[in-house]
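Chemist: What follows is a single structure, and I will ask about it in a moment.
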Amino acid sequence: MKPEDLKKIVEIMNENDLAELEIEEEGKRLRLKKAGPAVAPMMAAAAPALAPAPAPAPAAAPHPAAEQAPAAAGDAEGGHTISAPMVGTYYSSPAPDADAYVEIGQRVGPETVVCILEAMKVMNEIKAECSGTVVKICVQNAEAVEYGQAILVVKPD
């Protein structure tokens, strides 16, 4: 893949507010993922290594009200609130007939996938990014969520 192709892909991600994108072509796999407030692409290759993508422009600062509401929900439960990093549809499991990623009372770690948010037909795995026990699940399966909306609450160990 050429650097200009990667630049176009990153521009498409930014224009469409995509947090993650995976492309497989001719035995090569490219996965770009925005992490946290700072936008940083991540790449993984199943075949020969690909050139790194140029860094996209920083994301706009989140609306202050969106940051305050989830924090209040987490404080009320005595835990850390995991909030939606984007607008999308919440899915509690990888498939309709599969078990949920997490349940109330389950212990999670920073790399534990807690749900999927679908945005524009792209499935984005959401990780706990903290350690503790799930004490509250704030949304129902297949429910639409807004940016910054509380998804679940984790009580730290």
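Every number here is computed from the coordinates shown, using simple stated rules; none is lab data. As the structure is a computational prediction, the values presented were derived from the model and not from experiment. Here the Cβ is made from the backbone with ideal geometry for all residues, glycine too, and neighbour counts use every protein chain on show.
Chemist: Here are some pairs, K8/K127; K34/K136; K28/K136; K28/K127; which of them have Cα atoms lying more than 30 Å apart in this structure?
Modeler: Beyond 30 Å: K28/K136.
Chemist: Related question: Exactly which trypsin sites (Lys or Arg not before Pro) in the stretch 76-141 are in a DSSP loop and have at most 13 other Cβ atoms within 10 Å?
Modeler: Qualifying residues, ordered by number: K121.
Chemist: Using R₀ = 25 Å, calculate the FRET efficiency as 1/(1 + (r/R₀)^6) where r is the Cβ-Cβ separation of V87 and I23; round to 0.05.
Modeler: That gives a FRET efficiency of 0.65.
Chemist: Near the amide H of I151, under 5 Å away, which other amide H atoms are found, from residues 5 or more places off or on another chain, if H is placed in the peptide plane?
Modeler: I82, S83, A84
Chemist: Additional query: So for the pair E129, D97, with labels modelled 7 Å out along Cα→Cβ, what separation do we get in nm?
Modeler: Here the answer is 3.4 nm between the modelled labels.
Chemist: At a Förster radius of 35 Å, what calculated FRET efficiency corresponds to the Cβ-Cβ distance of R107 and N14, to the nearest 0.05?
Modeler: Calculated transfer efficiency: 0.45.
Chemist: Could you check the spin-label model distance between D5 and Y147? Points 7 Å from the Cα along Cα→Cβ, value in nm.
Modeler: It is 3.0 nm.
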